[in-house]
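First the structure, in the form of structure tokens, and then the observations on it.
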Amino acid sequence: MIRLERRVETPRWLDVAVPLASFVAALVVGGLVLQLTGHSALGTYERIVERALTSDGALSGTLVAATPLLFTGLAAAVAFRMNVFNIGGEGQLVLGAIAASGAGLALEGRPGWLIIGAMVVAGAAAGAAWAAIPGALRAFTGTNEIITSLMLNYVAANLATYLIFGSRSFWRSLEGSGATFPTGKRLPPEASWPSLELGGVVVPFGFLLGVAGAVVLLVVLRATRFGFAMRVVADAPAAARYAGIRGRRVVLGVMALSGAAAGIGGASNIGDTRHVLDPRGLNQAGYGYAGIVVAALARLNPVAVVFVSIVMGGLANAGRALQGPDFPAGLVGTLQGLLLVFTLGGEVFARYRIRRARTVHEAHAGAPPPPTAEVTA
Amino acid sequence: MNSNLFVVIAASAIFYGTPLYFAALGEVLTERSGVLNLGVEGMMLMGAVTAASTSIHAPGPTWFALLLAVLAGMVAAGALALLHAFLVVTLRVNQVVSGLAITILAGGAGLSSYLASVWGVATGPVPHQLSSLDVLGLGDLPVLGPIVFDQNALTYLSWAALIGTSWYLFRTRRGLELRAVGESPATADAMGIDVTRSRYLHTVVGGMLAGVGGAYFTLAIVPTWTDGVTAGRGWIAIALVIFGFWRPDLTLLGAYLFGAFSSLAPTLQTRGVDVPVQLLDSLPYLTTVVVLVAVSSGWASRRVGAPAALGTAYEREDR
């Protein structure tokens, strides 16, 4: 019989060894899936590494792909840390993109810094407002936020589609080819976000913003009154009540903060990459769900989210570059899912000691009888 | 209301509600054992893609191919449910996170999409589809005929499943034991009930029912594979369990209500009603939010019917 015994303390080396072993195990199983479906595992992995890291301009592309995942990863990390399961990162990102493109179009002719600033603020505000709906429902009516936040993803996708394909809205281009084939209006050139070149690697402004956001979140969580309130509400709701912390406001605040992060991700999608509201592209990308993978692999640590988002961005970048009959759609998502499942399963080794439980018979046969009283953790 | 329109909406409420019901009924069984399964959407998609592939590649007469397709969908979804059970029962992973992981792994951008490309499923309508069966020859009855007696085999099967599950849950010893496991696993354990076995069994059976629901999409509703074909219906099924107070009969009513909302867009569009299609498409999701708010506030906020141990791992040492 196998038995799981709680560890009182997790040894340090396990904190590194367990995620690494999970990573390797996921790659092995992913390789098995590839081989069983008639693809070469090693060949596929080699091409992923090449397109994500080593080929010309690959690293720049990886950072572009990592940027939305960085924001949705932060969104999921901050909420999940609080036991608030915001699965609506997808929809909050779409709302952020709608608001940011609206701001960029409305401020045409103004100076660039003003437009870009307004896009970031509008994206954050729209994402926060969209997330505040399930947040308020959870805080004030006790409605499960998992399902409501997820349902609003579909509503957000329909809203973006409506603005471009279903109406003659402010976002839709009605001139030239746009009159017959529905597309979004292109933003003015001043609304394009700048980028930084570091030794041949182009770093998008959105990515830098995300890194700054990760540091700010870490500080908020560790060193502010609100962060402390968050941790108390998450870990000991009863103690929080006695301490006079207003749990409902904290839940709503966390949801809004999480939604704001995802919303800036949407603004970055407009400012850094697309420069136009593109519902099809947004709805197919699945940034929100990938953000949950990023947050879980980073064990909900905002700074770790930065590094994990680069790894996942590399995978997504390679997937986009390689997509074809030899590299089917869905492969990237499958690998991400396997990574997530193995990471979750692997945590058992960090939290528990695995013992072969001795039966009563064996225990009697052994020389020293096992201690009867155990110290409780 | 035009009685003809009423018949159309009622018949399609049942038609579109059936896959929701299969998935929700499975989730009722799983949650009754204390396991929350948020992987329903992923399991439905796995059921949908394997059923579509079987319908394309299976030999033999239509009834045989369809039988194989539904069974294949059940096996694929059940395998995924087994993974969930292993993660949450044996490894004691957080049930919310594990369910999400399952849906991400199998979801519209994951394994179901990958398998669809590998198996060459997205080529067009599947060859063997579920068609309506007028079993009792009563399909010509006015009003009732087209609504109740002109449905497909899986719909009739769902009514049998309703009766069977209700009887199992409330009239058998096994059902009583299942409810004990969901309400108080420690007590059930002390009574000599194998908590681990019960949770594994009902999670896998629940997943298989979600697989039937998924198969219904590619064999009857769409009936073509597209990535993410179930479009969040797995999540609506989870909401239906709350709406139905964890009871098979009330859940059926909820499923048909949502079936009616799902059918509104196609029905009104063919009649030339001028409403934005995106608004109609959003209705099932908006309704889910409204319904969840309604059942979780007010008199129902005491979580009537929710198994007390739902969402928690059972550890003997914690007793």
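Test A:LEU218 against the criterion of being under 30 Å from A:LEU53 (Cβ atoms) and within 20 Å of the chain's Cα centre (by Cα), and give yes or no.
The answer is yes for A:LEU218.
Restricting the search to the stretch B:233-280, which residues are within 13 Å of chain A (Cβ to nearest Cβ), of a type in the set (Gly, Ala, Ser) and in contact (Cβ under 8 Å) with a residue 40 or more places away in the chain?
B:GLY234, B:ALA237, B:ALA239, B:SER262
Of all residues in the stretch B:222-242, which are buried (at least 22 other Cβ atoms within 10 Å of the Cβ) and of a type in the set (A, V, I, L, M, F, W, C)?
The answer is B:TRP225, B:VAL229, B:TRP235, B:ILE236, B:ALA237, B:ILE238, B:ALA239, B:LEU240, B:VAL241, B:ILE242.
Are any residues in the stretch B:183-201 under 16 Å from B:ALA308 (Cβ atoms) and not in a loop (DSSP other than H, G, I, E, B), and if so, which ones?
Result: B:GLU183, B:PRO185, B:ALA186, B:THR187, B:ALA188, B:ASP189, B:ALA190, B:VAL195, B:SER198, B:ARG199.
Anything in the stretch A:147-180 that is of a type in the set (Val, Ile, Thr) and facing chain B (nearest Cβ under 7 Å)? List them, or say none.
Those that are of a type in the set (Val, Ile, Thr) and facing chain B (nearest Cβ under 7 Å): A:ILE147, A:THR148, A:VAL155, A:THR161.
List the number of the failed condition for B:VAL229; all other conditions in (1) in contact with a Gly (Cβ under 9 Å, 6 or more places away or on another chain); (2) part of a helix (DSSP H, G or I) hold.
Checking B:VAL229 against (1) in contact with a Gly (Cβ under 9 Å, 6 or more places away or on another chain); (2) part of a helix (DSSP H, G or I), the one that fails is (2).
Of all residues in the stretch B:211-226 being among the aromatic types (Phe, Trp, Tyr) and assigned to a helix (DSSP H, G or I), which is nearest to the other protein chains (Cβ to nearest Cβ)?
B:PHE217
Give me the helices (runs of 4 or more DSSP H) completely within the stretch A:1-84, filtered to those with at least 3 residues that are free of Cβ contacts under 8 Å to residues at least 24 places away in the same chain, ordered by residue number.
A:12-36, A:41-49
For the stretch B:164-187, check the following and say yes or no: at least one residue is under 30 Å from A:TYR154 (Cβ atoms), surrounded by fewer than 24 Cβ atoms within 10 Å (Cβ to Cβ) and away from every other protein chain (no Cβ under 14 Å).
Yes, that holds for at least one residue.
Looking only at the stretch A:333-356, count how many residues are more than 9 Å from chain B (Cβ to nearest Cβ) and either among the polar types (S, T, N, Q) or free of Cβ contacts under 8 Å to residues at least 12 places away in the same chain (or both).
0
Hey, could you check the stretch B:87-102 for residues that are in a helix (DSSP H, G or I) and among the aliphatic types (A, V, I, L, M) and say which is farthest from the other protein chains (Cβ to nearest Cβ)?
B:VAL89
For the stretch A:97-114, what are the residues that are within 15 Å of A:HIS275 (Cβ to Cβ) and not aliphatic (A, V, I, L, M)?
A:SER101, A:GLY102, A:GLY104, A:GLU108, A:GLY112, listed by residue number.
Just need a number here: residues in the stretch A:128-160 that are over 20 Å from the mean Cα position of the chain (by Cα) and among the charged types (D, E, K, R).
Residues flagged as over 20 Å from the mean Cα position of the chain (by Cα) and among the charged types (D, E, K, R) within the stretch A:128-160 amount to 1.
Each row is one residue, and each column tells you yes or no for (1) among the basic types (Lys, Arg); (2) surrounded by fewer than 24 Cβ atoms within 10 Å (Cβ to Cβ); (3) part of a helix (DSSP H, G or I); (4) touching a Gly at 6+ places or on another chain (Cβ under 7 Å).
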site	(1), (2), (3), (4)
B:LEU38	no, no, no, yes
B:GLY47	no, no, yes, yes
B:ILE56	no, yes, yes, no
B:LEU71	no, yes, yes, no
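Taking the stretch B:182-208 only, how many residues are within 25 Å of B:MET44 (Cβ to Cβ) and out of contact with any Asp or Glu (no Cβ under 8 Å at 6 or more places or on another chain)? Steps first, answer last, please.
Taking the stretch B:182-208 as the starting set, the residues that turn out to be within 25 Å of B:MET44 (Cβ to Cβ) are B:182, B:198-208.
Narrowing further to those that are out of contact with any Asp or Glu (no Cβ under 8 Å at 6 or more places or on another chain): B:199-205, B:207-208.
Result for the stretch B:182-208: 9.
Going residue by residue through the stretch A:267-283, is there one that turns out to be touching a residue at least 60 places away in the same chain (Cβ under 8 Å), within 30 Å of A:PHE342 (Cβ to Cβ) and in contact with a Gly (Cβ under 7 Å, 6 or more places away or on another chain)?
Taking every residue of the stretch A:267-283 in turn, at least one turns out to be touching a residue at least 60 places away in the same chain (Cβ under 8 Å), within 30 Å of A:PHE342 (Cβ to Cβ) and in contact with a Gly (Cβ under 7 Å, 6 or more places away or on another chain).
From B:PHE22, B:PHE15, B:PHE64, grab the single residue that is in contact with a helix residue (DSSP H, G or I) (Cβ under 9 Å, 6 or more places away or on another chain) and surrounded by fewer than 24 Cβ atoms within 10 Å (Cβ to Cβ).
Only one candidate passes the filter, namely B:PHE15.
Which one is modelled with the highest pLDDT among residues in the stretch B:285-301 that are surrounded by fewer than 16 Cβ atoms within 10 Å (Cβ to Cβ) and more than 7 Å from every other protein chain (Cβ to nearest Cβ)?
Across the stretch B:285-301, the extreme among qualifying residues is B:VAL290.
Would it be correct to say that B:GLY207 is within 16 Å of B:LEU67 (Cα to Cα) and either touching a His at 6+ places or on another chain (Cβ under 9 Å) or at pLDDT 95 or above (or both)?
On the way: within 16 Å of B:LEU67 (Cα to Cα): no; either touching a His at 6+ places or on another chain (Cβ under 9 Å) or at pLDDT 95 or above (or both): yes.
Here the answer is no, as B:GLY207 does not meet what is asked.
Limited to the stretch B:103-130, what total is found for residues that are within 7 Å of chain A (Cβ to nearest Cβ) and over 23 Å from the mean Cα position of the chain (by Cα)?
Number satisfying all stated conditions: 2.
The values are calculated or read from the model by the stated rules, or taken from the named source; none is laboratory data. In this text the structure is predicted, and so the values were computed from the model without any measurement. Using ideal geometry, Cβ is built from the backbone for each residue, glycine included, and neighbour counts are taken over all protein chains shown.
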